[in-house]
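Visitor: This is the structure I have questions about; it appears just below.
Rule-based calculations on the coordinates, nothing more; no lab input. These numbers were taken from a predicted model, which means no experiment stands behind them. With ideal geometry, Cβ positions are generated from the backbone for all residues, glycine too; neighbour counts draw on all protein chains shown.
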Amino acid sequence: MPAYWIGMLSVTNPDKFKGYADRAPAAIAKFGGKMLSRGGQLTNLEGAPPPGRIAIIEFKDVATAKACYDSPEYQEAKRQREGAATAQFFIVEGL
């Protein structure tokens, strides 16, 4: 069953954020992740819109999505994001 990373990010330091943006895609690809959305146009339908950008990444299952997040490669990318953005990430199981 597919699973999705949903990330909501507000970039506060674009120059420093580049370190994350340069490393995260390779970590995601290593686990077969497929980027479905990365900061594209947001059309708000109801309630307050989330701040910043939204990322949606598909994995083959929850275990793989979690393994990617916990991997040394992604954790290194995440360290590069510290002080460059605020973020919320969660995994949603698909149908």
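Visitor: Could I have the simple spin-label model distance between S71 and E46, label points 7 Å from Cα toward Cβ, reported in nm to one decimal?
Guide: 3.6
Visitor: Suppose a student asked you for the relative contact order of segment 35-94, using Cα pairs under 8 Å spaced at least 6 residues apart; what percent would you report?
Guide: 31
Visitor: Using only DSSP helix segments of four residues or longer, with each worth -39500 (n - 2.57), what per-residue ellipticity at 222 nm results for the chain after dividing by its residue count and rounding to 500? Can you show the working numbers first?
Guide: Working: 3 runs with 36 residues, N = 95.
Mean residue ellipticity, 222 nm, calculated: -12000 deg cm²/dmol.
Visitor: Dividing the convex hull volume of the alpha carbon atoms of segment 30-85 by its residue count, what do you get in Å³ per residue?
Guide: 112
Visitor: Further, regarding this structure: Enumerate the calculated ³J(HN,Hα) couplings along segment 43-51 in order (Karplus 6.51 cos²θ - 1.76 cosθ + 1.60, θ = phi - 60°), each rounded to whole Hz, writing x wherever the residue is Gly or Pro.
Guide: So the Karplus estimates, Gly and Pro as x, are 10, 7, 10, 7, x, 6, x, x, x Hz.
Visitor: Roughly how big is segment 5-49's charge dipole about its Cα centre, with Cβ charges of +1 (Lys, Arg) and -1 (Asp, Glu), in debye to the nearest 20?
Guide: Here the size comes out at about 240 debye.
Visitor: With +1 assigned to the C-beta of every Lys and Arg and -1 to the C-beta of every Asp and Glu, and no other charges, what is the dipole magnitude of the chain about the Cα centre in debye, to the nearest 20?
Guide: Details: 12 positive and 10 negative charges, 47 e Å.
For this selection, approximately 220 debye.
Visitor: Please report the orientation-averaged projected area of the chain, defined via the convex hull of its C-alpha atoms, in nm².
Guide: Its Cα hull, projected and averaged over all orientations, spans 6.2 nm².
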